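Engineer: Mind looking over this structure? Questions follow.
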Amino acid sequence: MIPVLIKNAEIVNEGTITKGDILVENGRIAEIATSISAKTSETKIIDADGFYVIPGMIDDQVHFREPGLTHKATIESESKAAVAGGITTFIEMPNTVPQATTVELLEEKFSRASETSWANYSFMFGGTNDNIEEILKVDETKVAGLKLFLGSSTGNMLVDDPKVLEEIFSKTNLLISAHCEDEGTIKANFEKYVAEYGDDIPIEYHPIIRSEEACYISSSKAIELAKKTGARLHVFHLSTQKETNLFSNKKPLSEKKITAEVCIHHLWFTDADYAEKGTKIKWNPAVKTQKDKDGLWEALLDDRIDVIATDHAPHTIEEKNNVYTKAPSGGPLVQHALEALFEMYHKGKISVEKIVEKTAHNPAILFEIKERGYIRKGYKADLVIIDPNAPWTVSKENIAYKCGWSPFEGTTFRSRVRYTLINGVVAYENSKFPNRTKGERITFNR
């Protein structure tokens, strides 16, 4: 492992931007100073003049499809795409085949990641209506948390028994992350539109079927249950303005028991984009109105929403091109998330410091991740160097996902990830992958 010296960078960390150098040795940040000289002739020197250096994004919600769905994606293919997008750590969801709903199956996923993942990793354990005994076996010091689907989505892991939910919330010490959509509301809406259109429901009705009401009912119930039981709750992928009013911007973040996440697609697209993008932007929860998008941005910036993630969930283009009832929800995002956020920075929507807070610092705080998420001496050197002025256009030729498509195809971003370091090793450099990195299983301060 050769030392890496990053020179002349705009270092973004803990709310400030400072000009300086960073020395990386033995996988960790060895020194941060105004000027550092290389100590050996073997040191790799990167001139980052005019570039931002940020802690790598920690994506707290991805679906990498392994095991069982590897025609869509694998841990190897998607972690490599994540590295190209400046994501250095991911937390993957349990709705694979088989589902990660036993400790044994969960550890099989960890084992596979240790062999093939480019980036650092952890996994969520999956809750069901009948696996409370397995949930209570999970070691909270070794696993990111517990995922509950309170609305059905890809994988059919719906947890809808109120008694089971209260038992889970009451008994587990795991951080509970929840997909919140009310199943009864969705089912009633769906049956109405199937009766009118059959399988070929116009995609524009997706946010009406998976409606604001469905989201708010479910989120409200989950938060009420968390308050009643004292459980630690993290609500995934908010999609409505109305839901944001359920959350506070209490400080410090480490003391918040109920937190929220928003995803790139809900910050970028609106229902006006269905006409052009069709089922390529079919997600659960659905992309909704401009009012909802504006409300999500407001809550993100005033700290009611704590984390930005991707909910990366690739399907083949053939699957996505089906009629509404047969087209799966989800899309690939890890390669383009940071560059999309930097586009929002160029448009004056968000500062670079706030991007770093929501994508690196806050996930590290909420999941109590050890020695990652910051640019600090002694921390793991998970670093990303971004050129803010290097326009490029997303096309099939430069997409790294196994599925080979992106909802951002044809989009020109003004910023570009130039380098990604995983545990001090340059994994990505100017559109190439010079070193095959092996990600590490992240550890927790719990």
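The values are calculated or read from the model by the stated rules, or taken from the named source; none is laboratory data. Because the structure is a prediction, the values reported are computed rather than measured. Cβ placement follows ideal geometry from the backbone for every residue including glycine, while neighbour counts extend to all protein chains displayed. Heavy atoms of the whole protein, side chains included, go into the accessibility calculation; ligands, DNA and RNA do not. Shrake-Rupley method; radii C 1.70, N 1.55, O 1.52, S 1.80 Å.
Engineer: Part of a helix (DSSP H, G or I) and either among the polar types (S, T, N, Q) or within 30 Å of Tyr428 (Cα to Cα) (or both): is that true of Val164 in this structure?
Structural biologist: no
Engineer: Which number in (1) touching a Gly at 6+ places or on another chain (Cβ under 6 Å); (2) over 21 Å from Trp392 (Cα atoms) marks the one condition that Ile308 misses?
Structural biologist: (1)
Engineer: What do you reckon, is Ser239 small (Gly, Ala, Ser), in contact with a Cys (Cβ under 8 Å, 6 or more places away or on another chain) and modelled with pLDDT of 95 or more?
Structural biologist: yes
Engineer: Would you please list the contacts, defined by Cβ atoms under 9 Å and residues six or more apart or on different chains, that run from a residue in the stretch 298-322 that is open to solvent by 30 Å² or more (accessible area, probe 1.4 Å) to a residue that is outside any loop (DSSP other than H, G, I, E, B) and among the basic types (Lys, Arg)?
Structural biologist: Pairs found: Leu301/Lys354; Ile317/Lys280; Asn321/Lys280.
Engineer: Report, by residue number, each residue of the stretch 170-210 that is among the small types (Gly, Ala, Ser) and buried (at least 22 other Cβ atoms within 10 Å of the Cβ).
Structural biologist: Passing the criteria: Ser177, Ala178.
Engineer: While we're looking at this one, here's another question. How many residues does the stretch 340-373 hold that are surrounded by 18 or more Cβ atoms within 10 Å (Cβ to Cβ), not β-branched (Val, Ile, Thr) and not in a helix (DSSP H, G or I)?
Structural biologist: 3
Engineer: Continuing with this model, one more query. Does at least one position in the stretch 374-386 carry a residue that is part of a loop (DSSP other than H, G, I, E, B), basic (Lys, Arg) and open to solvent by 10 Å² or more (accessible area, probe 1.4 Å)?
Structural biologist: yes
Engineer: Name, by its number, the condition in (1) touching an Asp or Glu at 6+ places or on another chain (Cβ under 9 Å); (2) within 22 Å of Ile305 (Cβ to Cβ); (3) of a type in the set (Lys, Arg) that does not hold for Arg232.
Structural biologist: (1)
Engineer: How many residues does the stretch 234-251 hold that are assigned to a loop (DSSP other than H, G, I, E, B), hydroxyl-bearing (Ser, Thr, Tyr) and surrounded by 17 or more Cβ atoms within 10 Å (Cβ to Cβ)?
Structural biologist: Going through the stretch 234-251 one residue at a time, the tally reaches 2.
Engineer: Could you list, in sequence order, all residues of the stretch 27-44 that are out of contact with any Gly (no Cβ under 9 Å at 6 or more places or on another chain) and farther than 26 Å from Ile355 by Cα?
Structural biologist: Of everything in the stretch 27-44, those that are out of contact with any Gly (no Cβ under 9 Å at 6 or more places or on another chain) and farther than 26 Å from Ile355 by Cα turn out to be Ser37, Ala38, Lys39, Thr40, Ser41, Glu42, Thr43, Lys44.
Engineer: Moving on to the next point. Name, by its number, the condition in (1) open to solvent by 10 Å² or more (accessible area, probe 1.4 Å); (2) more than 20 Å from Lys147 (Cα to Cα) that does not hold for Ala337.
Structural biologist: Of the numbered conditions (1) open to solvent by 10 Å² or more (accessible area, probe 1.4 Å); (2) more than 20 Å from Lys147 (Cα to Cα), the odd one out for Ala337 is (1).
Engineer: Go through (1) surrounded by 24 or more Cβ atoms within 10 Å (Cβ to Cβ); (2) touching a residue at least 40 places away in the same chain (Cβ under 8 Å) one by one and return the number of the condition Glu92 breaks.
Structural biologist: All conditions are met except number (2).
Each row is one residue, and each column tells you yes or no for (1) farther than 16 Å from Val62 by Cα; (2) touching a Lys or Arg at 6+ places or on another chain (Cβ under 9 Å); (3) among the hydroxyl-bearing types (Ser, Thr, Tyr).
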residue: Tyr274; (1), (2), (3): yes, yes, yes
residue: Pro285; (1), (2), (3): no, yes, no
residue: Lys291; (1), (2), (3): yes, no, no
residue: Glu298; (1), (2), (3): yes, yes, no
residue: His312; (1), (2), (3): no, no, no
residue: Glu319; (1), (2), (3): yes, yes, no
residue: Ala327; (1), (2), (3): yes, yes, no
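Engineer: Also, I was wondering about something else. Output the residue which, of all residues in the stretch 69-82 that are within 21 Å of the chain's Cα centre (by Cα) and open to solvent by 20 Å² or more (accessible area, probe 1.4 Å), is nearest to Ile365 (Cα to Cα).
Structural biologist: Lys80
Engineer: So, one more: Please name all residue pairs, on different chains or six or more residues apart, with Cβ atoms under 6 Å, provided the first residue is in the stretch 200-219 and is in contact (Cβ under 8 Å) with a residue 24 or more places away in the chain and assigned to a loop (DSSP other than H, G, I, E, B) and the second residue is open to solvent by less than 10 Å² (accessible area, probe 1.4 Å) and small (Gly, Ala, Ser).
Structural biologist: Between residues of the stretch 200-219 that are in contact (Cβ under 8 Å) with a residue 24 or more places away in the chain and assigned to a loop (DSSP other than H, G, I, E, B) and residues that are open to solvent by less than 10 Å² (accessible area, probe 1.4 Å) and small (Gly, Ala, Ser), the close pairs are Arg210/Ala286.
Engineer: So which pairs qualify, if the first residue must be in the stretch 15-38 and closer than 14 Å to Val425 by Cα, the second must be assigned to a strand (DSSP E or B) and of a type in the set (Gly, Ala, Ser), the Cβ gap must be under 7 Å, and the two must be at least 6 apart or on different chains?
Structural biologist: Final answer for the pair search is Ile22/Ala9; Leu23/Ala30; Val24/Ala30.
Engineer: Which one is surrounded by the most Cβ atoms within 10 Å (Cβ to Cβ), of the residues in the stretch 106-126 that are touching a residue at least 40 places away in the same chain (Cβ under 8 Å) and hydroxyl-bearing (Ser, Thr, Tyr)?
Structural biologist: Ser117
Engineer: How many of the residues making up the stretch 387-400 are touching an Asp or Glu at 6+ places or on another chain (Cβ under 8 Å) and open to solvent by 10 Å² or more (accessible area, probe 1.4 Å)?
Structural biologist: Qualifying residue count for the region: 3.
Engineer: Can you tell me how many residues within the stretch 297-309 are part of a helix (DSSP H, G or I) and out of contact with any helix residue (DSSP H, G or I) (no Cβ under 6 Å at 6 or more places or on another chain)?
Structural biologist: Qualifying residue count for the region: 4.
Engineer: Here is a follow-up. Report whether or not Ala275 is farther than 22 Å from Pro94 by Cβ, surrounded by fewer than 20 Cβ atoms within 10 Å (Cβ to Cβ), modelled with pLDDT of 95 or more and aliphatic (A, V, I, L, M).
Structural biologist: Answer is yes for this residue.
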